[in-house]
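Heads up, the thing below is written out as structure tokens.
All of the numbers you see were taken from the coordinates with simple rules; none came from a lab. Everything quoted here is computed from the prediction, not taken from an experiment. Positions of Cβ are backbone-derived with ideal geometry, glycine not excepted, and every protein chain shown enters the neighbour counts.
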Amino acid sequence: MHESFRQRLSLWAEQGRLRRLRDEGSLDSRRAQRDGRELVNFGSNSYLGLERHPAVTNAAAAAAAESTSSTSSRLICGGSPLLIRLEEETAAWKGSEACLVLNSGFQANITLLPALAGRHDRILADRLAHASLIDGARLSGAELLRFPHNDLDALEELLKKPSTGMVFVVTESVFSMDGDLPDLLRLAELCRSYGAFLYLDDAHGAGICGPEGSGPAHGLGADLLLGTYSKALGSFGAYACLSAELKDYLVNSCRGLIYSTALPPAVPAASLAALAIVRSEEGQALRHRLLALGNELRRLLRDGGLDIRHDPTPIVPVPCGDEAATLRLAAALAEEGFLCPAIRPPTVPEGSCRLRLSLTAAHLDRDIRELAAAILRHHPQLKS
Ligand SMILES: Cc1ncc(COP(=O)(O)O)c(C=O)c1O
């Protein structure tokens, strides 16, 4: 390996920021494996616990029994009736005119944004927008301006700046690391009144609330609503909800669609089955359970003396001070049987290290009680 890579690796190690692949992974949304031990999993994004639902796994298995590959890009011969059905059903769920399926949320953001914006345009992005949104904005070559997290007054100031090209507002409906939401109605209203294009990433919103679980941005009128099947739906892949005309434009300009092999049939088959559950009464019951678990965990932590935000989402950030303290807390919780990811720079800004607890409807009541008790025992702010 080249010496400069070696030097960077040693620097990250010195800073305590060396990441390692954890290939033992999640057993499912509720259980994870670490060093041969089973832990209760608070790191998964499969919020409804559908990744092992028999209807979903059977649909995937049946499709995989026919073929494991789409064999090419959709524009050549990789398309399938399953992808078309998934687009139709996703558009109906989201109440949008059309839908375009893409291979992953990350790939979608880094290829849709450059297809939409160019160097004469301007992108206004929330300071905490996901890495893929920022990378997509940078790849587009547009001028990139960031506004403080969820600060729509600051966004409005930026919208007032004269521009010769198009202006895009890029943000999230539910923030992946903080679990909070912008004032979505005002956001949409601002974009409308200043003629800006609203590109809203709904990856963590879809499935958890709204009519039939269609998310907090339902009916908002975002120009492009980006979602993933990889979070609450427990499957894989992404979709853009948009107008039929914009879909035609992107089919002819989005390089991630044109030059990448389409998803294999098992993936849209699993997503279709998951979507049917999300829209059903069973899905509604799972959402109620998820919300109740989130409320209970927040209540227990707050009653124990921690400063915990109240948001109607399954993402519960627990601020813990500096990086070393956050890592120590995560290690103490792992000892007690809980996987609680420590989130630190560069994923979040310096000084905002936290545990990011994510809940799933598959968690048991006792998981929540025991986790809260363990956090309160070990949290650095509560230890004398
Ligand atoms: C807001 C947001 N957008 C996009 C992605 C990427 O989605 P995927 O995991 O499907 O690539 C993530 C993943 O964590 C995310 O949090």
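For the residues ALA332, ALA206, ALA125, a GNM of the chain with alpha-carbon springs under 10 Å puts the largest fluctuation on ALA332. Charges on Cβ only, +1 for Lys and Arg, -1 for Asp and Glu, centred on the Cα centroid of the chain; of ALA64, LEU246, ALA334, which one is farthest towards the dipole's positive end? Selected residue: ALA334. Phi angles of the range 41-58 translate, via the Karplus equation with coefficients 6.51, -1.76, 1.60 and θ = phi - 60°, into HN-Hα couplings of 8, 10, x, 8, 9, 7, 4, 9, x, 8, 5, 10, 5, x, 5, 7, 5, 5 Hz per residue; Gly and Pro are given as x. What are the aspartates and glutamates whose alpha-carbon lies under 20 Å from the alpha-carbon of LYS160, with same-chain residues fewer than 8 places away excluded? Filter leaves ASP121, ASP126, GLU143, ASP151, ASP183, GLU189, ASP223.
The phi torsions of the range 285-291, fed into the Karplus equation with coefficients 6.51, -1.76 and 1.60 and a -60° offset, translate into couplings of 5, 5, 5, 4, 4, 4, 5 Hz, rounded to whole numbers, with Gly and Pro shown as x.
Output needed for the range 289-384: three equivalent-ellipsoid semi-axes, defined as square roots of 5 times the C-alpha gyration tensor eigenvalues, in descending order, whole Å.
Equivalent ellipsoid semi-axes, largest first: 20, 15, 13 Å.
Could you work out how far the C-alpha centroid of the range 88-107 sits from that of the range 150-175, in angstrom? Their Cα centres are 24 Å away from one another. In order along the range 59-67, the Karplus-derived 3J(HN,Hα) couplings, from 6.51 cos²θ - 1.76 cosθ + 1.60 at θ = phi - 60°, round to 5, 5, 5, 5, 5, 5, 5, 7, 6 Hz, and Gly and Pro are given as x. A dipole drawn for the range 183-307 from +1 and -1 charges on Cβ atoms has a positive end, and of HIS288, CYS209, ALA196 the residue lying farthest that way is HIS288.
Rounded to the nearest 20, the size of the Cβ-charge dipole of the chain about its Cα centre is 720 debye, with Lys and Arg at +1 and Asp and Glu at -1. Annotation: amide H of ALA98 within the under-5 Å range of LEU242, ALA244, sequence separation 5 or more or interchain, hydrogens built in the peptide plane. Pairs of Cα atoms in the chain fall into 20 Å distance bins, from 0 up to the last occupied one, in shares of 27, 58, 15, 0 percent. Counting only residues at least eight positions apart within a chain, or on another chain, the lysines with an alpha carbon under 25 Å from that of LYS94 are LYS231, LYS247.
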